[in-house]
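Peer 1: Sharing a structure here in structure tokens format.
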Amino acid sequence: MPASLEDPKEYQNVFHWAETQKDGTIPSFGVRKNDPYEYQSGFNNIFESEAVPGTIPKGQNSPRCVRFGLYAEQMTATAFVAPRHLNKKAWLYRARPAVAHQGFTELSENKDTESNFLPINPRVHLSPTQLAWLPFDVPAAADGEIDFISGLKTIAGSGEPTLREGLAVHTFLANTSMKQRAMVNSDGDYLIVPQQGSLDIQTEFGKLFVQPGEICVIQRGQRFKVVLPDGETRGYILEIWGSNFQLPELGPLGANGLANARDFLHPVANYEIENSPWEIIYKLGGKLFKSKQNHSPFDVVAWHGNYVPYKYDLTKFVNVGSISVDHIDPSIFCVLTAPSRDPTAPLADFLIFSPRWDVASHTYRPPYYHRNAASELMGLIYGEYAGRSDEFQPGGVSFECGFVPHGVAYEEFKAASAQPPPEMQISKGAVAFMMESSRPFTITDWAWKSEKLHEHEPKMWDNLVDNFSTHKEEVDRILAEGVKKLGINGR
């Protein structure tokens, strides 16, 4: 678990600051000290990076001859005529273009992933029951070598990728690094949440070092490879189809708050020239295909554009909340959102619940009893989270579909109602997240049949007593007085 960020001294121990180093360089702002890489900060910017200065052509993108004999390759992620503020593309200058490969063959190495969440699929299940899973086991050495690709398991989702709208939630459980192979998701974007073990991710644009407490987004069509510095890993993935993640609008908050754009970090060019056999694993329509080539896919010497992978440190999230009474809706915890075709409802939101102060007066402090339209899937990265109604452990999962009622047991309700609570810090030393969608989820066979699955115990709400009936005499008196007044006024 990362160090606490309450003490300024501890905060400085965790992060680099923009101070000049002995060699005269200035490190990337806000990068954890054990992160070996440099980054560019911002969100939805037009970036450019050169591993060899002077590589990127000036005044044009595709000259007759690129410097050093490189090939110019454009990655276009939206329609060519998409509005400028939505248009996504990147130009890459590389030793060999991606087209230099030896064809495709279909793979069948991972049967625990799913992409078709339509109820007509017999491998998925609908359930109004509140479900939860204990932490999934990281594979042991006796299970053989299982890398990031082989260790993908799908939990739930909605839609289907060829329809270009929907999402899936996966877990990844791996005990070895990807060797001479890379992955590319042709279906959609991966939002990756490591929970145990860091990820050293090599992409065509450069390298990202992603630790528990951080997230990264690898967008559709971008090749990547996952190395495990700690030897094993467990985590979560939110995959979206037909949309891209955006920062939520701030509305009356103004220009600052929640996840600030300057805290998103993008890689710098870092090329690899390697003439040896490689496998590129393509995910298309939920199926995996293998392509072979005799050179590294990470031979990009320079690039520019706004379609770039990125990472974000969740401890930098600027929480906001009520300073008078009541709770603000949980949309204030949104880090990233992905719009849907319905302008009033997002395809997916990624929210976090991290240390913050609760100071609302005359207010019932725990999460109030509620039913809402969204499907909610929660996970815990580290610490203890008190907002759940059952056992909730790091690496576990909790799920509630739309309009299923949820809330705390009576003991917590009674304690919170008994007396005014003091100003207090909640979620101290913890980071939990929610993957939320306006769409109903179905549950995969793998998750449905998992020995880690357990239902929320309904008996925990059996002692939610009827307090109203204990006030019968008072209520009858008030009603009688009301009838009497109506009679007087009626005359």
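The values are calculated or read from the model by the stated rules, or taken from the named source; none is laboratory data. Predicted, not measured: the structure shown is a model, and the values here were computed from it. Cβ: placed from backbone, ideal geometry, glycine included. Neighbour counts: every protein chain shown. Keep in mind that these areas ignore ligands, DNA and RNA; they rest on the heavy atoms of the full protein, side chains included. Shrake-Rupley method; radii C 1.70, N 1.55, O 1.52, S 1.80 Å.
Peer 1: Would you pick out the residues in segment 424-480 that are open to solvent by 90 Å² or more (accessible area, probe 1.4 Å), part of a helix (DSSP H, G or I) and at pLDDT below 90?
Peer 2: K459
Peer 1: Also: Is one or more of the residues making up segment 407-423 at pLDDT 90 or above and basic (K, R)?
Peer 2: For segment 407-423, residues at pLDDT 90 or above and basic (K, R): absent.
Peer 1: Which ranges mark the strands (runs of 3 or more DSSP E) fully within segment 300-413 that have 2 or more residues being within 21 Å of the chain's Cα centre (by Cα)?
Peer 2: By residue number, 310-313, 334-339, 346-353, 375-382, 397-400.
Peer 1: Turning to a different aspect of this structure: Give V193, V124 a once-over and let me know the one that is closer than 30 Å to N270 by Cβ and in contact (Cβ under 8 Å) with a residue 24 or more places away in the chain.
Peer 2: Going through V193, V124 in turn, just one is closer than 30 Å to N270 by Cβ and in contact (Cβ under 8 Å) with a residue 24 or more places away in the chain: V193.
Peer 1: Looking at segment 248-300, which of the residues that are of a type in the set (V, I, T) and open to solvent by 10 Å² or more (accessible area, probe 1.4 Å) is modelled with the lowest pLDDT?
Peer 2: Per the criteria, the residue is I273.
Peer 1: Could we say that D349 is under 22 Å from E239 (Cα atoms), touching a residue at least 40 places away in the same chain (Cβ under 8 Å) and surrounded by fewer than 20 Cβ atoms within 10 Å (Cβ to Cβ) here?
Peer 2: no
Peer 1: For the structure I just gave you, tell me whether T76 is surrounded by 10 or more Cβ atoms within 10 Å (Cβ to Cβ) and not assigned by the TED database to the domain that holds P309.
Peer 2: No, not satisfied.
Peer 1: Of all residues being open to solvent by 80 Å² or more (accessible area, probe 1.4 Å) and closer than 18 Å to Q222 by Cα in segment 90-102, which is modelled with the lowest pLDDT? Just the residue, please.
Peer 2: The selected residue is V99.
Peer 1: Any idea which of Y385, Y310 is open to solvent by less than 50 Å² (accessible area, probe 1.4 Å) and within 21 Å of A409 (Cα to Cα)?
Peer 2: Sole residue among the options that is open to solvent by less than 50 Å² (accessible area, probe 1.4 Å) and within 21 Å of A409 (Cα to Cα): Y385.
Peer 1: Between I273, I240, which is in the same structural domain as V169 (by the TED database) and part of a loop (DSSP other than H, G, I, E, B)?
Peer 2: When all the criteria are applied, what remains is I273.
Peer 1: Okay, next question. In segment 49-67, how many residues are surrounded by 14 or more Cβ atoms within 10 Å (Cβ to Cβ) and small (G, A, S)?
Peer 2: Total meeting the criteria: 2.
Peer 1: While we're here: Can you tell which of F224, F245 is over 21 Å from M434 (Cβ atoms), among the aromatic types (F, W, Y) and open to solvent by less than 40 Å² (accessible area, probe 1.4 Å)?
Peer 2: F224
Peer 1: Please specify each residue of segment 400-423 satisfying the condition of being crowded, with 19+ Cβ neighbours inside 10 Å and in contact with a Phe, Trp or Tyr (Cβ under 7 Å, 6 or more places away or on another chain).
Peer 2: Within segment 400-423, C401 is the sole residue that qualifies.
Peer 1: Of the numbered conditions (1) at pLDDT below 95; (2) open to solvent by 40 Å² or more (accessible area, probe 1.4 Å); (3) not hydrophobic (A, V, I, L, M, F, W, C), S354 fails exactly one; give the number of that condition.
Peer 2: Against the list (1) at pLDDT below 95; (2) open to solvent by 40 Å² or more (accessible area, probe 1.4 Å); (3) not hydrophobic (A, V, I, L, M, F, W, C), S354 comes up short only on (2).
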